[in-house]
Amino acid sequence: MENRKRNITLSIRLTAEEKEALKKKAEQANMSMTDYLLRCSSRKKIRVVNMSKVIVEMKRVGNNLNQITRRINSGDFKSYNFEKVIEEHRKIYDLLLSIMSDS
């Protein structure tokens, strides 16, 4: 949401369970409750993306690529040039990060 002065208060009545459910949904969306409720009320789609497991796996793949590259560069064995593989891995990782930050 854009920065603007919010000087009007709206009160609603909720049960403790309803408030907790809203709070959890706002946290999952990395939003304040105000921003979450405004987004819901404006009928804009709220997209919650949890890709932490995918990011961890991408980091593991990247680590493996780095280990393979080091072994090739040290002369332990000769193999395929992994520059293109590393470049594509970096693109996927950056794309995943952008998806997470857009949500």
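The values are calculated or read from the model by the stated rules, or taken from the named source; none is laboratory data. What you see is a predicted model; the values in this text were computed from it and never measured. Virtual Cβ from ideal backbone geometry, glycine too; neighbours counted across all protein chains shown.
Summary of values
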| item | result |
| --- | --- |
| Filter result (under 30 Å from Met31 (Cβ atoms) and either surrounded by 13 or more Cβ atoms within 10 Å (Cβ to Cβ) or modelled with pLDDT under 80 (or both)) within the stretch 70-91 | Arg90 |
| Scan of the stretch 18-40 for residues that are crowded, with 16+ Cβ neighbours inside 10 Å and either of a type in the set (Phe, Trp, Tyr) or in contact (Cβ under 8 Å) with a residue 40 or more places away in the chain (or both), ordered by number | Ala29, Tyr36 |
| The stretch 25-70: number of residues that are within 30 Å of Lys91 (Cα to Cα) and of a type in the set (S, T, N, Q) | 9 |
